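*Asks:* Here it is, the structure in full.
The values are calculated or read from the model by the stated rules, or taken from the named source; none is laboratory data. As the structure is a prediction and not an experimental result, all values here were calculated from the model. When we count neighbours, we look across all protein chains shown, and the Cβ atoms used for this are built from the backbone with ideal geometry, even at glycine. Heavy atoms of the whole protein, side chains included, go into the accessibility calculation; ligands, DNA and RNA do not. Shrake-Rupley method; radii C 1.70, N 1.55, O 1.52, S 1.80 Å.
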Amino acid sequence: MKYFVTGAAGFIGSNYVRHVLATTDHEVTVYDALTYAGNLSTMKDMSDDSRFSFVQGNICDPAAVEAAMKGHDVVVHFAAESHVDRSISGADDFILTNCYGTNVIVDTARRLEMQRVLHIGTDEVYGSVEVGSSLETDPLEPRSPYSASKAGSDLIALSYYSTHKTPVVVTRCTNNFGPYQYPEKAIPLFVTNLMDGGKIPLYGDGLNERDWLLVDDHCTGIQLVLEKGNLGEIYNIGAGNETANRVLVDKILDVMGKDESSVQYVEDRKGHDRRYSVNIDKITKLGWKKKRSLDEALLETVKWYQDNRWWWEPLKKAK
Ligand SMILES: NC(=O)c1ccc[n+]([C@@H]2O[C@H](COP(=O)([O-])OP(=O)(O)OC[C@H]3O[C@@H](n4cnc5c(N)ncnc54)[C@H](O)[C@@H]3O)[C@@H](O)[C@H]2O)c1
């Protein structure tokens, strides 16, 4: 089969393509605009694989998307503006890429009669969940321009199933971490700051909770939903690792042999959602299970950033 994967010069998409090349015989074309978050260095280890190819292009350009997607069987759509803080300082690119760009991808997939289209969503669309865990059927209450644009993109993608029977499936995952995550996101930022003798900036009172999912575990979930998920449906993917930021920071300090003096409390993010948590009964029934505990996964991830300064240092300097 031929996979067309958008946004895989970024964090999760590149890990997913690595997973597909390692575990299947499929061919993969990555389609990515190479924004600040997408980098050729992120795909360097895959570029010599004869089953891998790369096309630079914007998902908001229908003609370019059509030319590149033609001849493929399956679409996996990661491309998005993904950083909440950036959506707070300026939301236009988020609405354009995440909503309009998703429409271009799914509409092109409809016209080209793709066998399956998997759209990657986020748990942030459910809004702040003080207690319990969100079901796929829960109402959407996004509270940042990022999560609102992602909620819009989910609904746009699903509307193609209802209207045209385009074979769309949607996943909604929790906060990912692992190799090749752009060093503006929490875990790589914290780890690389500590490596350079800097501090961890901790928002507000540090008690906001996130469910930390190792990207490898997320990738196996994506592949399972792609192969076995019901069309027109949504699948939450989470690790059950709901952890206060303060606790996560303590774990990282511990792994890296640092102490409280390396933490700096900073002004809270505007409209900062207190907690996210998803119910994963549906994907569990499909046969998915995470492979690593949070502590094991954090150890591996810290080691990856320690061993791969060549990858993150130029990106951090260019910020
Ligand atoms: N990282 C997380 O914790 C997380 C959690 C839940 C959901 N998600 C979702 O997963 C997907 C991937 O997230 P990520 O963390 O890998 O993001 P990322 O920011 O690391 O990568 C995004 C990629 O999309 C590309 N891109 C952006 N705009 C584009 C455009 N207009 N045309 C073509 N390519 C474009 C970028 O160049 C980059 O390579 C996103 O849809 C995101 O909303 C991420």
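*Asks:* In degrees, nearest 10, range 0 to 90: what is the angle between the Cα axis of helix 102-111 and the longest Cα principal axis of the chain?
*Replies:* 30
*Asks:* Counting every Cα pair in the chain, what percent are over 26 Å apart?
*Replies:* Summing the P(r) of the chain above 26 Å gives 44 percent of all pairs.
*Asks:* Ignoring ligands, DNA and RNA, what accessible area per residue does the chain give at 1.4 Å, in Å²?
*Replies:* Each residue of the chain exposes 42 Å² on average to a 1.4 Å probe.
*Asks:* Can you give the FRET efficiency for Ser89 and Thr163, using 1/(1 + (r/R0)^6), R0 = 35 Å, r = Cβ-Cβ distance, to the nearest 0.05?
*Replies:* Efficiency, rounded to the nearest 0.05: 0.50.
*Asks:* Roughly what angle does helix 245-255 make with the longest principal axis of the chain, taking Cα atoms, 0 to 90 degrees, to the nearest 10?
*Replies:* 70
*Asks:* Another one. Given R₀ = 51 Å, FRET efficiency for Lys285-Trp310 by Cβ-Cβ distance, to 0.05?
*Replies:* After rounding to 0.05, the efficiency reads 0.75.
*Asks:* What whole number of Å gives the distance from the Cα centroid of region 38-60 to the Cα centroid of region 228-279?
*Replies:* 29
*Asks:* Report the trypsin sites (Lys or Arg not before Pro) located in region 218-260 that are in a DSSP loop and have at most 12 other Cβ atoms inside 10 Å of their Cβ, or state none.
*Replies:* Answer in residue order: no site qualifies.
*Asks:* Mind checking which aspartates and glutamates have their Cα closer than 16 Å to the Cα of Lys251? Skip sequence neighbours fewer than 8 apart in that chain.
*Replies:* Leaving aside aspartates and glutamates fewer than 8 places away in the same chain, those within reach of Lys251 are Glu209, Asp211, Glu242, Asp259, Glu260, Asp295, Glu296, Glu300.
*Asks:* When the chain is fully extended, how far beyond the present Cα-Cα distance does Leu140 get from Asp48, taking 0.36 nm per residue of separation?
*Replies:* Between Leu140 and Asp48, full extension yields 28.9 nm more.
*Asks:* Plugging the Kirkwood radius over Cα pairs into Stokes-Einstein for region 141-221, at a temperature of 37 °C and a viscosity of 0.692 mPa s, what D comes out in µm²/s?
*Replies:* 211
*Asks:* Taking 7 Å along the Cα-to-C-beta vector as the label spot, tell me the Arg269-Met195 distance in nanometres, rounded to one decimal.
*Replies:* Between Arg269 and Met195, the simple spin-label model gives 2.2 nm.
*Asks:* With everything on Cα atoms, drop me the angle between helix 215-228 and the longest principal axis of the chain, reported from 0 to 90° to the nearest 10.
*Replies:* Here the helix axis deviates by roughly 20 degrees.
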